[in-house]
Amino acid sequence: MKFVPEVIGRQIARKALLAQKASPEVLLVGGVVGMVGSTVLACRATLKMDAVLEETKDKLNTAKTLVHEDYSEKDRSRDISLIYFQSGVRVVRLYLPAVIVGGISIYALTSSHRILSRRNVALTAAYGALEKGFNEYRARVVDKYGEEEDRDFRYGTEKVQITDPETGKKKTVTRVSSNDPSIYARFFDPVSASWSKEPEYNLIFLKCQQNYANDLLRARGHVFLNEVYDMLGLSRSKAGAVVGWLLSQNGETDNFVNFGVFDGREQVARDFVNGREGAILLDFNVDGVIYDKIES
């Protein structure tokens, strides 16, 4: 029985954590519902305004036209001011619920946005730190073992025997063994909406899209990875929304979009064009997280 308080405490803490996690969605829904409710309350108050205005008009007319020996102009002025004040109070009371609900709704919506913005900043910072560590690790691997070994470690490769359709001889080639080699790299294959049955067309298409991405980088100053995925007819990714290429004047970035096909991988491109490879791996040279580096 002595463990019951601890179990209850853990359950309460877990529920509180889940509630905190879902707070942006809850605040957003509450804010939207509140704005609708505020509009309804304002409409109901408007329907009652005719009666208030009509009554105010009658009272003002009476005060302005009343003639009596004991009713001075000072009394008339005081009564008119009192009528306006009382009418104003009634109007405020009519619209006060709508104003309160609307204010709470606006606060809920802004709070939801503020929480999501803070989380995005924290996630971007964490993602940037993780990517920096990974790039430093890869640089050490390249310095010690070379780029070929780095590619093997990163993607996972295997040696397989294939038959050359031109010579009919068997040869051993190295292929990527993983279906998902990295968070950025993608296979350009029949899954893509831009795929063609003609291998030569596919290679020309990739080269044209790479040139277009570089033109866009020079013209706009930044390109997101998801935008390149769209150019190639590939599905977007969560990482692609924050990483990409950024044009810099101080040499911090490559200032060049590279699909990893036309630079040092001529044999891979040749096999792809000749039909010996049914897909080609695109290894994008993204500059990393650029979402927080784009300046006005």
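Bear in mind these aren't lab numbers, they're just calculated from the coordinates by the rules spelled out. These figures come from a predicted structure and were not determined experimentally. In this analysis, Cβ positions are derived from the backbone assuming ideal geometry, glycine residues included, and neighbour counts consider all displayed protein chains.
Note on residue 140 and residue 8: with the Förster distance fixed at 45 Å, the Cβ-Cβ geometry gives a FRET efficiency of about 0.35. Here the range 4-124 is treated with +1 on each Lys and Arg Cβ and -1 on each Asp and Glu Cβ, and its dipole about the Cα centre works out to around 920 debye.
Overall shape: oblate for the range 200-260, with the ratio a/c of the largest to smallest alpha carbon gyration tensor axis at 1.5 or above and b/c at least equal to a/b. Modelled this way, with points 7 Å down the Cα-to-C-beta line, the labels at residue 193 and residue 23 are 3.9 nm from one another. On the beta carbon distance between residue 123 and residue 92, with R0 = 51 Å, the FRET formula returns roughly 0.70.
Computing FRET efficiency as 1/(1 + (r/R0)^6) for residue 200 and residue 279, where r is the C-beta to C-beta distance and R0 is 22 Å, gives about 0.90.
Toward the positive end of the charge dipole of the range 4-124, with +1 on the Cβ of Lys and Arg and -1 on the Cβ of Asp and Glu, the farthest Cα among 124, 43, 102 is that of 124. An ellipsoid equivalent to the range 4-124, defined through the eigenvalues of its Cα gyration tensor, has semi-axes of 53, 16, 13 Å when rounded to whole angstrom and sorted largest first.
For residue 287, the residues whose amide H sits under 5 Å from its own are 244, 245, 246, ignoring neighbours fewer than 5 places away on the same chain, with H placed 1.01 Å from N.
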